[in-house]
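S.K.: Sending over a structure as structure tokens; questions will come in a sec.
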Amino acid sequence: MKDFVLYCKSYRNDFLRLKRLLASVEKLNVDRLPFYISTPKEDKAALVEILGDAGDYLWVADEDIVRANPRASFEKYLSMPGGLSQAIVKSEFWRLGLAENYLCLDSDCVFIRPFKRSDFMGGDGVPFTVLHQNKEYFQLAQNRGESKVEENLRAEAQRVQAIFGRVGPEFYCAPAPFIWSAKVWQSLDQEYLQPNGMSLWDLVTPEYPETLIYGEALLKYRAIPLLAIEPLFRVYHYDWQYYVLKRLGETEEKLKSNYLGILYQSNWESDLNLGGGKSLPSRLLKSAKRFLRYLQSYL
């Protein structure tokens, strides 16, 4: 078992984005940390076609991750919306016993500067935890009249806090990529899920996201020491955020001083959808709306 690995759960539609991520890993992975990629078994042939079979990655099947939990319902996995099942599969990767800790990446992530093991964990083997209060993002949203952003995220965090009986400030373990410890997920399983006759497939929903559940489980059960750090990647959640920050002078080169990478939202890059994107009228309407938000960033 490795002490730290990289992991990305992907699927066919995201393989062009994954190819970009893999290229950045192969170029910038100083310590040659193992990089695991999981997909549904039916997507493996397409994965090899896009990435090749000699790349710097190790493939595992989503189905094997699901079956590694003896209390998981495979039927529930098959019937779930893809976005939700993907979140749970990512959270259950630890059950394969391949690593004590892992950096959970999304396909639309890309590294922009060299990285190594010490960016994710200390010399004593304790992983860092992305944990913060989102103040910069909330303030920017308020400045732009996007108050719903803060309201929705705070309500989400408070719902998850209530599960664990914690009262206090809202904390966030997002955005991606996430540094996750098998010990934290195992403590959640042993201390909360099993006593309540549940699995993670019962707990995680759109209203109760896995990122907040991980953070609250860590705060509740203290499976590892809490060494909090700020987000590892710059994430542009909305196009209005991207336009405002670009107008303030933000560039990829400048981001390298504070961030290991950038997460480009996949819904902005329909040209990287394997097998084509939306219809021409839909793309034109989306472009028009985006241009209006670009103009709005000057106000």
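S.K.: What residue, among those in the stretch 245-258 that are within 20 Å of His132 (Cβ to Cβ) and assigned to a helix (DSSP H, G or I), is modelled with the lowest pLDDT?
M.R.: So the residue we want is Leu245.
S.K.: A further question follows. Considering Leu33, Leu18, Leu84, Leu6, which residue is over 30 Å from Asp202 (Cα atoms) and either in a loop (DSSP other than H, G, I, E, B) or at pLDDT 95 or above (or both)?
M.R.: Exactly one of Leu33, Leu18, Leu84, Leu6 is over 30 Å from Asp202 (Cα atoms) and either in a loop (DSSP other than H, G, I, E, B) or at pLDDT 95 or above (or both), namely Leu33.
S.K.: Among the residues of the stretch 212-226, what is the count of those that are under 19 Å from the mean Cα position of the chain (by Cα) and surrounded by fewer than 20 Cβ atoms within 10 Å (Cβ to Cβ)?
M.R.: 0
S.K.: Any idea how many residues of the stretch 103-158 are touching a helix residue (DSSP H, G or I) at 6+ places or on another chain (Cβ under 6 Å), over 18 Å from Leu260 (Cα atoms) and among the acidic types (Asp, Glu)?
M.R.: Result for the stretch 103-158: 1.
S.K.: Does Asp108 satisfy the criteria of being surrounded by 15 or more Cβ atoms within 10 Å (Cβ to Cβ) and within 27 Å of Ile224 (Cα to Cα)?
M.R.: The answer is no for Asp108.
S.K.: Continuing with the same structure: Does Arg95 satisfy the condition of being assigned to a helix (DSSP H, G or I), touching a residue at least 24 places away in the same chain (Cβ under 8 Å) and either touching a helix residue (DSSP H, G or I) at 6+ places or on another chain (Cβ under 7 Å) or closer than 19 Å to Tyr259 by Cβ (or both)?
M.R.: It is true that Arg95 is assigned to a helix (DSSP H, G or I), touching a residue at least 24 places away in the same chain (Cβ under 8 Å) and either touching a helix residue (DSSP H, G or I) at 6+ places or on another chain (Cβ under 7 Å) or closer than 19 Å to Tyr259 by Cβ (or both).
S.K.: Restrict the check to the stretch 191-205 and report whether at least one residue is surrounded by 16 or more Cβ atoms within 10 Å (Cβ to Cβ), among the hydroxyl-bearing types (Ser, Thr, Tyr), under 19 Å from the mean Cα position of the chain (by Cα) and closer than 28 Å to Arg71 by Cβ.
M.R.: Looking for residues that are surrounded by 16 or more Cβ atoms within 10 Å (Cβ to Cβ), among the hydroxyl-bearing types (Ser, Thr, Tyr), under 19 Å from the mean Cα position of the chain (by Cα) and closer than 28 Å to Arg71 by Cβ, one finds none in the stretch 191-205, hence no.
S.K.: Looking only at the stretch 46-62, decide whether some residue is at pLDDT 95 or above, among the acidic types (Asp, Glu) and either on the phi > 0 side of the Ramachandran plot or in contact with a strand residue (DSSP E or B) (Cβ under 8 Å, 6 or more places away or on another chain) (or both).
M.R.: yes
S.K.: Follow-up question, since we're still on this one. Being over 20 Å from Val184 (Cα atoms) and loosely packed, with under 12 Cβ neighbours inside 10 Å is the filter here, so list the residues in the stretch 121-162 that pass it.
M.R.: Result: Lys135, Glu136, Gln139, Asn143, Gly145, Ser147, Lys148, Asn152, Ala155.
S.K.: Within the stretch 221-244, work out how many residues are touching a helix residue (DSSP H, G or I) at 6+ places or on another chain (Cβ under 6 Å), in a helix (DSSP H, G or I) and hydroxyl-bearing (Ser, Thr, Tyr).
M.R.: Total meeting the criteria: 2.
The values are calculated or read from the model by the stated rules, or taken from the named source; none is laboratory data. This structure is a prediction, so every number in the text was calculated from the model and none was measured. Note that each Cβ is placed from the backbone with ideal geometry, even for glycine, and that neighbours are counted across all protein chains shown.
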